[in-house]
Every structure is written in structure tokens, then in C-alpha cells.
Amino acid sequence: MRKPPIHKSFLNAFRGVFLMIKSERNFQLELLAFIINLLLIFYLQLSTVDTALILIVSFAVLTAEIFNTAIEKICDFIQPKFDKRIGFIKDISAGAVILMAVLSVIVGILVYWKYIF
């Protein structure tokens, strides 16, 4: 099977992000938090290092959510009916997202604290 041209690969990847924005409520909320962070970066004039830290954790949360959604969709495809084992997989996948979200809040507090107070 031939690989698609690079521009097709990029289009497919961006389509995936668009599908997440369109269909996943948690991703929409996390994207809103990302936009708020962008506004705060410019408003508070964060240093380059602080900006990088905020961007890293923000993108990490969004990425974790994409992986979580992919895992959930695969699980639903493999086993449409309730199964405790599938539930376990989905729960630990969601756990990864919540851990990343907690880390991002901690980093946000550590970074923004010195700019606000």
C-alpha cells in the first residue's frame, strides 16, 4: 500500500483535530482553557520560558484527550456492549487525561502566581 502524499497526511491530521473540536465536549472545554491561556500569555506578557511551560502543558492536555477519545472509540468498536474489562481500559485512559489536567493546573498556578500577585 502506497503512502499518501505528505499534504494528504497533514490534511487527515487536521481533519482529526477538527472532528475532535466538532464532536467532543471535553476537548472543546480544554480548547477554551487553551485560548484563555493564550490571552493570559499576551496580557500578562509572560517570559519565554513561562510561555513555553504553559504551551507544553496545554498541548499535553489536548493530546491526552485525543488519545483518550481514540482509545474509547476503539473499545466501543471492539465491544459495543458493556464489559467490565473495556470499562477498566476506558477508566485508566480517562485517568491519564485527569492527571495531565491536574499537572496543567499546578503549572498554571506556579507560572501565573508571580504575574498576578
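Remarks
- Computed E for LEU29/THR63 - FRET, C-beta separation, R0 25 angstrom, nearest 0.05: 0.95
- Order by protection proxy (mean Cβ within 10 Å, highest first), peptides 6-14, 102-110, 83-91: 102-110, 83-91, 6-14
- Given (i) 44, 28, 22; (ii) 38, 29, 22; (iii) 51, 40, 21, the label whose value is Cα extents along the principal axes in Å derived from this model: (iii)
- The chain: Lys pairs at Cα distance under 16 angstrom, eight or more positions apart or on different chains: 5
- With every protein chain in place, the range 23-107: carbon and sulfur % of accessible area (1.4 Å): 74 percent
- Charge tally around PHE59: other residues with Cβ under 11 Å, Lys/Arg +1 each, Asp/Glu -1 each, net -2.
- Lys, Arg +1 and Asp, Glu -1 on Cβ, resulting dipole of the chain about Cα centre, debye, nearest 20: 500 debye
- Look at the dipole of the chain built from charges on Cβ: of SER9, TYR112, ALA94, the Cα furthest out on the positive end belongs to SER9.
- Once the chain from MET1 to ALA96 is taken as fully extended at 0.36 nm per residue, the excess over their C-alpha distance is 30.8 nm.
- Nearest-0.05 FRET efficiency for TYR43 and LYS114, computed from C-beta distance (R0 22 Å): 0.90
- The chain: most fluctuating residue of ILE54, ILE21, ILE36 per GNM, C-alpha cutoff 10 Å: ILE36
- Solvent exposure of the range 1-81, expressed per residue, is 77 Å² of accessible area, with all protein chains present and a 1.4 angstrom probe.
- Net charge, ASN26 excluded, C-beta distance under 15 Å - Lys, Arg +1, Asp, Glu -1: -1
- For the range 70-115, a Kirkwood radius taken over Cα pairs fed into Stokes-Einstein (4 °C, viscosity 1.567 mPa s) yields D = 104 µm²/s.
The values are calculated or read from the model by the stated rules, or taken from the named source; none is laboratory data. The structure displayed is predicted, hence computed values, not measured ones. Note that we place each Cβ from the backbone using ideal geometry, even for glycine, and neighbour counts take in every protein chain shown. To get the accessible areas, we keep the full protein, side chains included, count just its heavy atoms, and leave off ligands, DNA and RNA. Shrake-Rupley method; radii C 1.70, N 1.55, O 1.52, S 1.80 Å.
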